[in-house]
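Structure, as structure tokens:
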Amino acid sequence: MEEKRKCLIIGSGPAGYTAGIYTSRAGLSPLLIEGMTPGGQLTITTEVENFPGYPKGMSGPNIMDDIREQALHCGTEIRSGLVTEVDFSQRPFRCTVDDADVIYADTVIIATGATARWLEIEGEKTYRGFGVSACATCDGNFFRNKDVAVIGGGDTALEEATYLAKLCKKVYLVHRRDEFRASKAMQNRVFNTPNIEIVWNGLPKEIVGEKRGFAKAVTGLTITDKLSGEDRTLNIDGVFVAIGHKPVTDLFAGQIDLDAQGYIITKPDSTATNVAGVFAAGDVQDPHFRQAITAAASGCKAALEAERYLIANE
């Protein structure tokens, strides 16, 4: 099957659905292809307290259901499926869904997001969302006056540790090497924070926990000392994995400009890529903030810019 669209949105989540809301209201009749994870990373979180409009907090899946419903209400056509091939060298742009259907689009908004890099150790998947997190800003508030561990040695890990130190009783910063890769400024901040304990040469082995009624909770992190080979278990309530994120951009390699980490490069103060008519929104082009609200904001920007591009090229 082949069809023609003014606007195609690739990916869901706060960026994609918000782009759908704005392009629908602009009369662009957008088609949104949800991808492998409808709703994005927020669907694997539990309680979210920092998204506007939910004064008592709300589960991540429920928030995404609400935004999706709003996009549908505004007129966005949403389909399940995966965009498997794109060709941005021709106009209209040619995009293939599930290796079968072809969509020709005058504009494309990429909102495929990013995924956290995980440790892939025992217990990590079991307790993900129940004490295991990849975002201190999102989930740190649930661990006030508790003991937690942060895994990593780069700027992100040290930044997460110093943020959590303001909320938590104690923060173990576990790093597999004997020195950090982070900037000196970040290192000095960590070294001068009294409730951060650094665990050098620590290899995370297992996240342990227990069932509490119908819920689950982390109770400890077992680590192996790389030098001695001995194991020890930290008695903690939460584990924050900060070993990086991977943008979902393999599909676009060779089609648009990506940075060294694979994030889509957009023009300053814009969601426009190096290909006119192709825009990027959300975590796929944001290695810094990675928040649901900033993703939604960039989805709005991409929609407005797509509308303006179409008007200018009528």
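DSSP beta bridges confined to the chain are antiparallel in about 45 percent of cases.
Normalising by the residue count of the chain, find the relative contact order in percent from Cα pairs under 8 Å and 6+ residues apart.
Numbers: 743 pairs, mean separation 65.3, N = 314.
It rounds to 21 percent for the chain.
Below 8 Å between Cα atoms, with a sequence gap of 6+, how large is the relative contact order for region 156-302 in percent? Before the final figure, lay out the partial values.
Values: 217 pairs, mean separation 20.4, N = 147.
Reported relative contact order: 14 percent.
For Ile78, the residues whose modelled amide H falls within less than 5 Å of its own, excluding neighbours fewer than 5 places apart on the same chain, are Leu32. Could you name the aspartates and glutamates whose alpha carbon sits less than 17 Å from that of Lys211, not counting residues in the same chain fewer than 8 places away? Here the aspartates and glutamates satisfying the reach criterion relative to Lys211 are Glu122, Glu124, Asp237.
Partner lysines whose Cα lies under 26 Å from the Cα of Lys166, excluding those fewer than 8 positions away in the same chain, are identified as Lys56, Lys146, Lys184, Lys216.
In terms of its alpha-carbon gyration tensor, region 31-86 comes out oblate; a/c meets the 1.5 threshold, while b/c is at least as large as a/b. Straightening the chain between Glu179 and Ser29 buys 48.7 nm, computed as 0.36 nm per residue apart minus the Cα-Cα spacing. Of interest is the spacing of the C-alpha centroids, which for region 272-304 and region 144-212 amounts to 30 Å. Of the residues Ala182, Val284, His245, the one whose Cα sits farthest toward the positive end of the charge dipole of region 167-314, with +1 on the Cβ of Lys and Arg and -1 on the Cβ of Asp and Glu, is Ala182.
Sort 262-269, 169-176, 57-64, 17-24 for me by packing, meaning the mean count of neighbouring Cβ atoms within 10 Å per residue, highest on top.
Details: 262-269: 15.1, 169-176: 21.5, 57-64: 17.6, 17-24: 28.1.
Output ranking for 262-269, 169-176, 57-64, 17-24: 17-24, 169-176, 57-64, 262-269.
Please sort 144-156, 30-42 by packing, taking for each peptide the average over its residues of neighbouring beta carbons within 10 angstrom, highest first.
On the way: 144-156: 20.7, 30-42: 22.2.
My ranking of the peptides, most packed first, is 30-42, 144-156.
Candidate cross-link partners of Lys6 among the lysines, defined by an alpha-carbon separation under 21 Å and a same-chain spacing of 8 or more, comprise Lys301.
Let me know the shape class of region 118-241, please: from the alpha-carbon gyration tensor, a ≥ b ≥ c as square roots of the eigenvalues, rounded when a/c is under 1.5, otherwise prolate if a/b is greater than b/c, or oblate. Walk me through the numbers before you get to the answer.
On the way: a/c = 1.88, a/b = 1.24, b/c = 1.51.
Here region 118-241 falls in the oblate category.
Every read-out reported here was derived from the displayed coordinates using simple, explicitly stated rules and does not represent laboratory data. In this text, all values refer to a predicted model and were calculated from it rather than measured experimentally. Here Cβ is always computed from backbone atoms with ideal geometry, including for glycine, and neighbour counts include all displayed protein chains.
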